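Worksheet: one structure, shown below.
The values are calculated or read from the model by the stated rules, or taken from the named source; none is laboratory data. Since the structure is predicted, the reported quantities are computational estimates derived from the model, not experimental observations. No Cβ is skipped: glycine too gets one built from the backbone with ideal geometry, and neighbour counts run over all protein chains shown.
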């Protein structure tokens, strides 16, 4: 594990492809993504923020008005648009990678990193705020357990897997992602 300065020193090159962070809600995609982008000197985008901006309403309101299928359609369009730009770090919503079209587009244009966290970690982190529509109707632990069973086999198709342990530091996850990017040639290393 490395601290931020060490990770920055290792990440002396430019991104060759967009890095897309996938995983369940609470895995740390947005928090880690911001730090990763800063470490790499790359732009950062959060697909949920971009969806809110495009729709002009908050995600719970989109779910209430259009349902999950309507939200997922907008999410797919926003991610496709974001993948057209210059290489950057993109944090996606937990269900984005479940869409076969989005998954294929990510495979074609980007490098997917699954940030994996255990159930206890996800329950603790998602319990900090009440803004997650999928956790509003039912026991959050049961919902997250079901989502893990459904989504983990699909997330396993990512190009790299990095663990985000409970009590772990975001900079450690960033350093692990940087190492994976270097190992896979996604990060152009400085001479």
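Name the residue that is modelled with the highest pLDDT, counting only residues in segment 120-137 that are outside any helix (DSSP H, G or I) and in contact with a helix residue (DSSP H, G or I) (Cβ under 7 Å, 6 or more places away or on another chain).
Of everything passing the filter in segment 120-137, 127 is modelled with the highest pLDDT.
Given the criterion crowded, with 16+ Cβ neighbours inside 10 Å, in contact with a strand residue (DSSP E or B) (Cβ under 9 Å, 6 or more places away or on another chain) and more than 24 Å from residue 136 (Cα to Cα), identify the matching residue among 91, 37, 96, 14.
Every option except 37 fails the conditions.
Evaluate the following for residue 103: is it modelled with pLDDT of 95 or more, more than 27 Å from residue 169 (Cα to Cα) and touching a helix residue (DSSP H, G or I) at 6+ places or on another chain (Cβ under 7 Å)?
So residue 103 fits the description; yes.
Where the second residue is surrounded by 12 or more Cβ atoms within 10 Å (Cβ to Cβ) and at pLDDT below 90 and the first is in a loop (DSSP other than H, G, I, E, B) and lies in segment 57-73, which pairs have Cβ atoms under 9 Å and are six or more apart or on separate chains?
Taking only residues 6 or more apart or on different chains, the pairs are 58/131.
Being surrounded by fewer than 22 Cβ atoms within 10 Å (Cβ to Cβ) and closer than 22 Å to residue 129 by Cα is true for just one of 74, 67. Which residue is that?
That would be 67, the only listed residue that is surrounded by fewer than 22 Cβ atoms within 10 Å (Cβ to Cβ) and closer than 22 Å to residue 129 by Cα.
Looking at residue 52 and the list (1) closer than 30 Å to residue 179 by Cβ; (2) over 14 Å from the mean Cα position of the chain (by Cα), which single condition is not satisfied?
Just one mismatch for residue 52, condition (1).
State all residues of segment 25-38 that are under 20 Å from residue 165 (Cα atoms) and part of a helix (DSSP H, G or I); if no residue qualifies, say none.
29, 30, 31, 32, 33, 34, 35, 36
I'm trying to understand the selection: among the residues of segment 162-183, which are within 15 Å of residue 111 (Cα to Cα) and surrounded by fewer than 17 Cβ atoms within 10 Å (Cβ to Cβ)?
Listed by number, the residues that qualify are 182, 183.
Mind listing whichever residues of segment 88-100 are in contact with a helix residue (DSSP H, G or I) (Cβ under 6 Å, 6 or more places away or on another chain) and without any contact (Cβ under 8 Å) to a residue 40 or more places away in the chain?
Result: 99, single match.
I'd like to know if segment 104-114 contains one or more residues that are assigned to a helix (DSSP H, G or I), closer than 21 Å to residue 62 by Cβ, within 14 Å of the chain's Cα centre (by Cα) and in contact (Cβ under 8 Å) with a residue 12 or more places away in the chain.
no
So which of 144, 122, 83 is within 15 Å of the chain's Cα centre (by Cα), surrounded by 18 or more Cβ atoms within 10 Å (Cβ to Cβ) and more than 23 Å from residue 18 (Cβ to Cβ)?
None of the other options fit; the residue is 122.
Of all the residues that make up segment 138-191, how many are free of Cβ contacts under 8 Å to residues at least 24 places away in the same chain and either within 27 Å of residue 86 (Cβ to Cβ) or in a loop (DSSP other than H, G, I, E, B) (or both)?
6
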